[in-house]
């Protein structure tokens, strides 16, 4: 499929054009296919740079959130409709930022996982289920580019062209497998989930951080990461375009004493100006001068059980429970033809095995699972086998 059925609509980029789109979609009927394009790897943050929608009776709309930054009116116009998204958790944060929040949704990627499809990318599923091949060559382009090239708009319009058709086919398949209610519970959980809180100590996720073991070196990573983030935000570019993670780790390991020493390190080469080198060296110097008490601690405080690799030493009984529980979940997931992580979150299994109920009855296990956010369908499926695993190891 190379062309949208009604051709490529003009990009909506001003209030008057947006008002027409809002009216058309309010008058439409049935589910609304929704997609968003970001500029990951090019711009700072995860804001939307194009929003695509399609609804029966309204056709397809391509909306520029730069020209139309508030889409709450459009969100309200389709509030009563089911929104169809592919990999909804990827798009919902940037949609929320521009005022679009669904009350109910259908996630075609998650539906595909629950139905047991091995490949759940949009292109693969449309081809496998509907028999159409979609052109997927522009997924990683810089969507902040203006004007957007016509081939990119082709791609964007096609992303919502068949989404409702795919939804209908997946609903039929889930019904056939007796899993439609499972899917509805999963979709409701996604729609009801609050925005994710800011990540604590995000600098600790610097790629290559495992090489950094001394606290002073960790302080260098923190200072460089923070300086880079501030510059990237001000310039609205991806942090990796300001300074690579590998360069940050290299500087942390070397602890250069001046800008000349810094310039000899990989990632701080001849293309970097003296001023840039000095700003990075200033960050290194701040870390070098910190008193011992202000240096970051190794690792992060972990809420919940320790990493499973440490269980055999810390609590051999818990390690045995986890091994039995994992085997039980794996076997059940294979029987149900769905991924283990969709059957029950691995973290939930770990928490249950680390701190099991005093009396591992099915009801007690079900209560623990519910307390960790498991959906009713998951509890119905796994509580018995997990209880059996706990009891077997207890015996």
Got a number for residues in region 61-86 being over 15 Å from residue 22 (Cβ atoms) and either surrounded by fewer than 16 Cβ atoms within 10 Å (Cβ to Cβ) or not assigned by TED's automatic domain parsing to the domain that holds residue 37 (or both)? 1
Residues of region 194-213 satisfying the condition of being free of Cβ contacts under 8 Å to residues at least 60 places away in the same chain and outside any helix (DSSP H, G or I): 194, 197, 198, 199, 206, 207, 208, 212
Mind counting the residues in region 174-192 that are free of Cβ contacts under 8 Å to residues at least 60 places away in the same chain and at negative phi? 5
If you go through region 159-167 one residue at a time, do you hit one that is within 25 Å of residue 56 (Cα to Cα) and not in a helix (DSSP H, G or I)? yes
Here are 76, 36, 81: which of them is within 21 Å of residue 190 (Cα to Cα), free of Cβ contacts under 8 Å to residues at least 60 places away in the same chain and assigned to a loop (DSSP other than H, G, I, E, B)? 81
Condition first: farther than 30 Å from residue 109 by Cβ and crowded, with 16+ Cβ neighbours inside 10 Å. Can you find one or more residues in region 187-203 that meet it? yes
Would you say residue 117 is under 30 Å from residue 334 (Cα atoms) and part of a strand (DSSP E or B)? no
Taking region 262-273 and keeping residues without any contact (Cβ under 8 Å) to a residue 24 or more places away in the chain and surrounded by 10 or more Cβ atoms within 10 Å (Cβ to Cβ) leaves 262, 263, 264, 265, 266, 268, 269, 272
Just one listed residue, out of 287, 259, 232, is under 19 Å from residue 212 (Cα atoms), crowded, with 17+ Cβ neighbours inside 10 Å and not assigned by TED's automatic domain parsing to the domain that holds residue 41, and it is 287
If you check residue 21 against the conditions, is it assigned to a strand (DSSP E or B), assigned by TED's automatic domain parsing to the domain that holds residue 120 and closer than 27 Å to residue 126 by Cα? no
Kindly evaluate residue 126 against the criterion of being surrounded by 15 or more Cβ atoms within 10 Å (Cβ to Cβ), over 20 Å from the mean Cα position of the chain (by Cα) and more than 17 Å from residue 190 (Cβ to Cβ). yes
Between 346, 305, 339, 298, which is modelled with pLDDT under 95, more than 22 Å from residue 358 (Cβ to Cβ) and within 28 Å of the chain's Cα centre (by Cα)? 298
Could you tell me which of the residues 5, 43, 54 is touching a residue at least 60 places away in the same chain (Cβ under 8 Å), over 30 Å from residue 242 (Cβ atoms) and not in a strand (DSSP E or B)? 5
Only one of 237, 221 is in a loop (DSSP other than H, G, I, E, B), under 28 Å from the mean Cα position of the chain (by Cα) and buried (at least 16 other Cβ atoms within 10 Å of the Cβ). Can you tell me which? 237
Is there any pair with a first residue in region 100-121 that is at positive phi and a second that is surrounded by fewer than 23 Cβ atoms within 10 Å (Cβ to Cβ) and outside any helix (DSSP H, G or I) whose Cβ atoms are under 6 Å apart and which are 6 or more apart or on different chains, and what are they? 116/337; 116/338
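The values are calculated or read from the model by the stated rules, or taken from the named source; none is laboratory data. Predicted model only: the values in this text are computed from it and were never measured. Quick reminder, even Gly has a Cβ in these numbers, built from the backbone with ideal geometry, and neighbours come from all protein chains shown.
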